[in-house]
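Beneath this line is the structure, given in structure tokens, with notes to follow.
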Amino acid sequence: MFPIEVFIAYTTACLLLVLSPGPDNLLAVGRGLSQGKLAALVSGLASGCGILFHVMSATFGLTLLIQTSELVFYAVKLIGATYLIWLGIKVLWSRSLFTLEPAKPTPLKSIFSTGFLSAALNPKPGLFVLAFVPQFVNPELGSVTWQMIVYGCWFALLTAVGFALMGVFASRW
């Protein structure tokens with residue numbers, strides 16, 4: 001069902017995407033720098049789960065709905081923008097935009113929820129998954145839904161591991 005040459009090409013493309021800079025891998029690196037390896041691992045896992053959310057949404061049609069319904073697309077964008085603005089206001093209220101002192105530990109649950117929401121509320125990964133993953137799906141090889149899920153889960157796993165490793169290598173301890 002998954003020809004090895006297609007799977008290798010897909011994995012290579014996924015790794016290039018994971019390595020390209022973006023807000024979620026920078027979030028994992030920041031967690032690694034400020035809170036260490038465990039926080040980086042949790043942040044990377046959260047980003048992978050956010051990608052998995054988009055994979056499942058794309059597979060089952062939500063992303064298509066977002067593409068075809070301007071109102072839904074703008075609602076998702078508004079929710080995502082509101083969340084990013086809330087994060088920005090939270091940083092400004094902390095009155096410590098830059099400091100060389102160690103950061104106060106953030107609970108792992110909060111790290112996970114921030115990483116997940118950062119990935120899941122951004123409509124760009126959903127539109128990207130909808131455009132990218134189907135390029136490797138072949139209806140002649142079996143269930144399109146199953147192929148979308150397997151390829152999407154592989155992308156989410158590579159994202160989680162890649163972002164986590166970036167954060168771990170950035171950490172001081």
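The values are calculated or read from the model by the stated rules, or taken from the named source; none is laboratory data. Nothing here was measured: the structure is a model prediction, and the numbers come from that model. All Cβ positions, even for glycine, are placed from backbone atoms using ideal geometry, and neighbour counts span all protein chains on display. Areas reflect the complete protein model, heavy atoms only, side chains present, ligands, DNA and RNA absent. Shrake-Rupley method; radii C 1.70, N 1.55, O 1.52, S 1.80 Å.
For the range 36-56, enumerate the residues that are buried (at least 22 other Cβ atoms within 10 Å of the Cβ) and either closer than 19 Å to residue 136 by Cβ or modelled with pLDDT under 90 (or both).
Selection gives 48, 51, 52, 54, 55.
Does the range 113-128 hold any residues that are surrounded by fewer than 17 Cβ atoms within 10 Å (Cβ to Cβ) and either outside any helix (DSSP H, G or I) or without any contact (Cβ under 8 Å) to a residue 60 or more places away in the chain (or both), and which are they?
Listed by number, the list holds a single entry, 124.
Suppose the filter is open to solvent by 30 Å² or more (accessible area, probe 1.4 Å), modelled with pLDDT of 90 or more, among the β-branched types (Val, Ile, Thr) and assigned to a helix (DSSP H, G or I); does residue 6 pass it?
On the way: open to solvent by 30 Å² or more (accessible area, probe 1.4 Å): yes; modelled with pLDDT of 90 or more: yes; among the β-branched types (Val, Ile, Thr): yes; assigned to a helix (DSSP H, G or I): yes.
Yes, satisfied.
Within the range 129-173, how many residues are part of a helix (DSSP H, G or I), of a type outside the set (Val, Ile, Thr) and without any contact (Cβ under 8 Å) to a residue 12 or more places away in the chain?
Step one: of the range 129-173, the residues part of a helix (DSSP H, G or I) are 129-136, 139-141, 144-170.
Checking the rest, the ones that are also of a type outside the set (Val, Ile, Thr) come to 130-132, 134-136, 139-141, 146-148, 151-158, 160, 162-167, 169-170.
Right, trim to without any contact (Cβ under 8 Å) to a residue 12 or more places away in the chain and you get 131, 135, 139-140.
Total satisfying the criteria: 4.
Collect the residues in the range 132-147 that are farther than 14 Å from residue 60 by Cα, touching a helix residue (DSSP H, G or I) at 6+ places or on another chain (Cβ under 9 Å) and open to solvent by less than 60 Å² (accessible area, probe 1.4 Å), keeping them in residue-number order. Steps first, please.
To start, the set of residues in the range 132-147 that are farther than 14 Å from residue 60 by Cα comprises 132, 135-142.
Subset that is touching a helix residue (DSSP H, G or I) at 6+ places or on another chain (Cβ under 9 Å): 132, 135-139, 141.
Correct list: 132, 136, 137, 138.
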